[in-house]
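Q: Below are the structure tokens for one structure; questions will follow.
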Amino acid sequence: MTKTAERPAGTVPVRPVKAPSPAGDRGRRRLTDHLRAYGFLAGGLVCFALFSWYPALRAVVIAFQKYTPGSEAEWVGTANFTRVLDDPEFGAAWRNTLTFTLLALLLGFAVPFVLALVLNELRHAKAFFRVVVYLPVMIPPVVGALLWKWFYDPGAGLANEALRLLHLPTSNWTNGADTALVSLVVVATWANMGGTVLIYLAALQSVPGELYEAAELDGANLIQRVRHVTIPQTRFVVLMLMLLQIIATMQVFTEPFVITGGGPENSTVTVLYLIYKYAFLYNDFGGACALSVMLLALLGLFSAGYLRLTRSGEEAA
């Protein structure tokens, strides 16, 4: 009969250690990663909530109130909307804003795309010309607007000086009611096209070169290659940038405020400039918020319809 080995006195029995579960470790790591990601995201969400979402919701509330900073708000229903709609400047502001948007699309949509095509075909000094194109974006908007205000000066401005050297008739530029809005469109296009050009350029460089080679073998010229290869391949980027450009130009403010002050003869008063006048010149924050809500509703409805149409077009294609 065999005897089992006796445990020495004073020793503690050793229990077998269970191996950790791989699934449990993966779950804990995933949870830790999620918590870390949400922690980094929390800062951005707080900033958006405090400086974007809360002011927007507060503006909707004030649109139905008689409100002056430092005094108690009073509910007035739709009186602010009625007063804004009866303002003679209301129609002029919307007309100028829509005209500005249309002109900015005609000029500000075509010029960046053409510049991107040219930069994409360059073989030398690509980096230099990209910096040159993007340089206006790095200039503070107010500084750029002041430079253009001096450039457009009817007396000593460079624009008229250049016309005089060429023995051409001069213009009133921003001092003329019929030329002021077009002059501001040129300023806005120059100031904002740098980023658009670089986005178009990135989209163009993602187009497979084999498609251009096949088009050349079929005898397609430059315009035909752009029409049948470039535009279809960059269609998504073009449509999204068009939407963003419409939203941005509908909110134009810096150029009218700095260069023309809404004049001459209210020819450059835009919706955002009228909102500024209601809030800071008339001390009518209720009217300013009512007009802001109108603009928000219009842009929201337009964006929803635009995205629906473009999505339907992509599904049909």
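Q: Enter the accessible area of Arg225 (Å², nearest 10), with the probe set to 1.4 Å and all protein chains included.
A: Approximately 50 Å² for this residue.
Q: I'd like the accessible area for Lys149: 1.4 Å probe, protein heavy atoms, all chains in place, Å² to the nearest 10.
A: Per-residue accessible area (Lys149): approximately 90 Å².
Q: Still on this structure: Under the 0.36 nm per residue contour assumption, what length would be gained going from the current alpha-carbon distance of Arg83 and Leu217 to full extension?
A: 41.8 nm is the gain from fully extending Arg83 to Leu217.
Q: Nothing charged except the Cβ atoms of Lys and Arg (+1) and of Asp and Glu (-1): what's the magnitude of the dipole of the chain about its Cα centre? Round to the nearest 20 debye.
A: Working: 24 positive and 21 negative charges, 386 e Å.
Computed about the Cα centre, the dipole is about 1860 debye.
Q: Any idea of Ile231's accessible area? Nearest 10 Å², probe 1.4 Å.
A: 80
Q: Apply 1/(1 + (r/R0)^6) to the Cβ-Cβ distance of Val237 and Val143, taking R0 = 45 Å, and write down the FRET efficiency to the nearest 0.05.
A: After rounding to 0.05, the efficiency reads 0.90.
Q: With the crude spin-label approximation of a point 7 Å out along Cα→Cβ, what separation in nm comes out for Leu163 versus Tyr54?
A: Here the answer is 5.0 nm between the modelled labels.
Q: Further, regarding this structure: How do Glu255, Glu216 stack up against each other in accessible area, from largest to smallest, with a 1.4 angstrom probe?
A: Correct descending sequence by accessible area is Glu216, Glu255.
Q: Which is farthest toward the positive dipole end of the chain among His124, His167, Val46, measuring Cα position about the Cα centre, with Cβ charges +1 (Lys, Arg) and -1 (Asp, Glu)?
A: The one lying farthest along the dipole's positive direction is Val46.
Q: Calculate, for Val114 and Leu298, the FRET efficiency according to 1/(1 + (r/R0)^6) with r their C-beta to C-beta distance and R0 35 Å; round to the nearest 0.05.
A: Result of the calculation: an efficiency of 0.70.
Q: Rounded, prolate or oblate: which one fits segment 91-315, using the alpha carbon gyration tensor with axes a ≥ b ≥ c (rounded when a/c is under 1.5, else prolate when a/b beats b/c, else oblate)?
A: oblate
The values are calculated or read from the model by the stated rules, or taken from the named source; none is laboratory data. Everything numeric here is computed off the predicted structure, so don't read it as measured data. No Cβ is skipped: glycine too gets one built from the backbone with ideal geometry, and neighbour counts run over all protein chains shown. To get the accessible areas, we keep the full protein, side chains included, count just its heavy atoms, and leave off ligands, DNA and RNA. Shrake-Rupley method; radii C 1.70, N 1.55, O 1.52, S 1.80 Å.
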